[in-house]
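Enquirer: Got a structure here, written out as structure tokens. Questions coming.
The values are calculated or read from the model by the stated rules, or taken from the named source; none is laboratory data. All of these numbers come straight from a predicted model, not from anything done at the bench. Methodologically, a virtual Cβ is constructed for each residue, glycine included, from the backbone with ideal geometry; neighbour enumeration extends over all protein chains shown. Areas reflect the complete protein model, heavy atoms only, side chains present, ligands, DNA and RNA absent. Shrake-Rupley method; radii C 1.70, N 1.55, O 1.52, S 1.80 Å.
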Amino acid sequence: MIQKGEKIKIDLEKLKSFANIFSKRVRTYYGEDPKNYKSLNFTYTSRKIFGKKDVITKDLQKIKHYLDPEDENAQKIIHIDGNNKKYIEIRKCNFDVEISVDAIKMIKHYDTFCIFSGDADFVYLNKFLRKKNKKVIIIKGGFITVPLRASANLVINAQKIKKYIAKIEQRPDKSGLCG
């Protein structure tokens, strides 16, 4: 159970060990913010753990989603543009094509394809891999569609593996108070 002042964080070394259960070679795909030190540090750490060639990055896209003027219940950080319109920033970085191409390019080198994603765009890839006698495992964070579930041999809820891939850390004290 998480206590006040704590947060759950993915432990990259634990994640690598867990993923190694399925494969000797594990690739990760990460949307990087080149202007954010923490993002660049995450990439650096990932490359130390997974290997430089097995961490694929590309720039994160920041999409402005303008809010309805009456919508004051937004849970995210609200920004205001030059026209005094409120918006939230949605960070997005799709790797569907890169993952699919890599899965097909390396098809002779694995028996099981394991993906940490609930993205229904992978149904087509999963069906292709199963026709090629590959096992498909999906580790999902939330709801997934029926076709995506049917495209896999096994679906694992990420909550069930959290204890194997995560750690609990203290949240930094943002109050500025000591004591």
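Enquirer: In whole Hz, what ³J(HN,Hα) sequence does the stretch 9-15 give by Karplus (6.51, -1.76, 1.60; θ = phi - 60°), x for Gly and Pro?
Expert: Result, rounded to whole Hz: 9, 5, 8, 4, 5, 5, 4.
Enquirer: Can you pull the percent of the chain's accessible area that's carbon plus sulfur, 1.4 Å probe, other chains left in place?
Expert: Answer for the chain: carbon and sulfur cover 53 percent of the accessible area.
Enquirer: In nm, what is the difference between 0.36 nm times the number of residues separating Ser23 and Lys9 and their Cα-Cα distance?
Expert: 2.7 nm
Enquirer: Rolling a 1.4 angstrom probe over the protein heavy atoms, how many square angstrom per residue are accessible across the stretch 1-110?
Expert: 75 Å²
Enquirer: Next question, about the same structure. Kindly express, to the nearest 10 degrees and within the range 0 to 90, the angle between helix 37-50's C-alpha long axis and the longest C-alpha principal axis of the chain.
Expert: Taking Cα atoms only, the helix is inclined about 20 degrees.
Enquirer: Taking amide H atoms as placed 1.01 Å from N in the peptide plane, list the residues 5 or more away in sequence, or in a different chain, whose amide H sits under 5 Å from that of Glu32.
Expert: Residues meeting the amide H criterion: Lys58, Asp59, Leu60.
Enquirer: Given R₀ = 41 Å, what would the calculated FRET efficiency be for Ile90 paired with Thr112, taking r from the Cβ atoms and rounding to 0.05?
Expert: After rounding to 0.05, the efficiency reads 0.80.
Enquirer: Specify the inter-centroid distance of the stretch 73-127 and the stretch 11-72, based on alpha-carbon positions, in whole Å.
Expert: 11 Å
Enquirer: Could you give the length gained on full extension between His65 and Lys35, defined as 0.36 nm per residue of separation minus the Cα-Cα distance, in nm?
Expert: Gain in length upon complete extension: 8.7 nm.
Enquirer: Give, in nm to one decimal, the length gained when the segment between Lys52 and Ile2 is fully stretched (0.36 nm per residue of separation minus the Cα-Cα distance).
Expert: 14.7 nm
Enquirer: I've got another one for you. Beta carbons within 10 angstrom, averaged per residue: use that to sort the peptides 3-9, 164-170, highest first.
Expert: 164-170, 3-9
Enquirer: What residue among Asn126, Asn36, Asn94 has the largest mean-square fluctuation in a Gaussian network model of the chain, using Cα springs under 10 Å?
Expert: Comparing Asn126, Asn36, Asn94 in a Gaussian network model of the chain, the most mobile one is Asn36.
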